[in-house]
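Q: Sending over a structure as structure tokens; questions will come in a sec.
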Amino acid sequence: MLILLAFIIIFHITSAALLFISTIDNAWWVGDNFSTDVWRACTTNNSMCTPITVQFNEYQSIQAVQASMILSTIFCCVAFLVFILQLFRLKQGERFVLTSIIQLLSCLCVMIAASIYTDRHEELHKSSGYTVEVSKGQYGYSFVLAWIAFAFTLISGVMYLVLRKRK
């Protein structure tokens, strides 16, 4: 049982780390001489970064992605704290339902963020606010990590739903 508990904790911490990296790192959309994410666009030649503001097309979509990724990260961290609290407070045989619900909310938020970015990426990268041509890029590793974090939080949420407290 202790090994299972350690695996669940490591799995949850990994999910949170993936969410933090995909939210913060500047690699949602990359090209030969640029990288961009939901916060800023940077050129790799002179290391100049421009924050994404109202001047960019589809700024509302970017804000929705930002908010969803932040919420998913917060929900994942809160779910971990609730899990630790429930670990010591639940009676034997009860399930970690509250932890599961919060983790599944985190899963939903990251899915919403990645889906919006996937759907709107063409319009997002046609903006005149960019200093370089970003429409010829490709998805970066932060975008891929967001989808992996979706899978991890989904699996984690289901694990908490099935998990019962034992001796």
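The values are calculated or read from the model by the stated rules, or taken from the named source; none is laboratory data. The shown structure was predicted, so the numbers you read here are calculated from the model rather than taken from an experiment. When we count neighbours, we look across all protein chains shown, and the Cβ atoms used for this are built from the backbone with ideal geometry, even at glycine. These area figures cover heavy atoms from the full protein model, side chains too; ligands, DNA and RNA do not enter into them. Shrake-Rupley method; radii C 1.70, N 1.55, O 1.52, S 1.80 Å.
Q: Residue 19 - would you say it is in a helix (DSSP H, G or I), touching a helix residue (DSSP H, G or I) at 6+ places or on another chain (Cβ under 9 Å) and closer than 19 Å to residue 139 by Cα?
A: When the stated conditions are applied, residue 19 passes them.
Q: Taking segment 24-36, which residues are assigned to a loop (DSSP other than H, G, I, E, B) and within 8 Å of residue 140 (Cβ to Cβ)?
A: 27, 28
Q: Now, a different point. Assuming residue 160 fulfils every condition listed in (1) open to solvent by less than 70 Å² (accessible area, probe 1.4 Å); (2) closer than 26 Å to residue 24 by Cα; (3) of a type in the set (Phe, Trp, Tyr) apart from one, which condition is it?
A: (2)
Q: Contact list please: Cβ distance under 6 Å, first residue in segment 44-66 and closer than 17 Å to residue 114 by Cα, second residue among the hydroxyl-bearing types (Ser, Thr, Tyr) and not in a loop (DSSP other than H, G, I, E, B), pairs at least six apart or on different chains.
A: Final answer for the pair search is 65/117.
Q: Could you grab me the full set of residues in segment 1-39 that are open to solvent by 80 Å² or more (accessible area, probe 1.4 Å) and either more than 22 Å from residue 77 (Cβ to Cβ) or modelled with pLDDT under 85 (or both)?
A: If the condition is that a residue be open to solvent by 80 Å² or more (accessible area, probe 1.4 Å) and either more than 22 Å from residue 77 (Cβ to Cβ) or modelled with pLDDT under 85 (or both), then 1, 2, 3, 32 are the ones that fit.
Q: Residue by residue through segment 55-76, note down the ones that are over 12 Å from the mean Cα position of the chain (by Cα) and either farther than 10 Å from residue 38 by Cα or open to solvent by 50 Å² or more (accessible area, probe 1.4 Å) (or both).
A: Passing the criteria: 55, 56, 57, 58, 60, 63.
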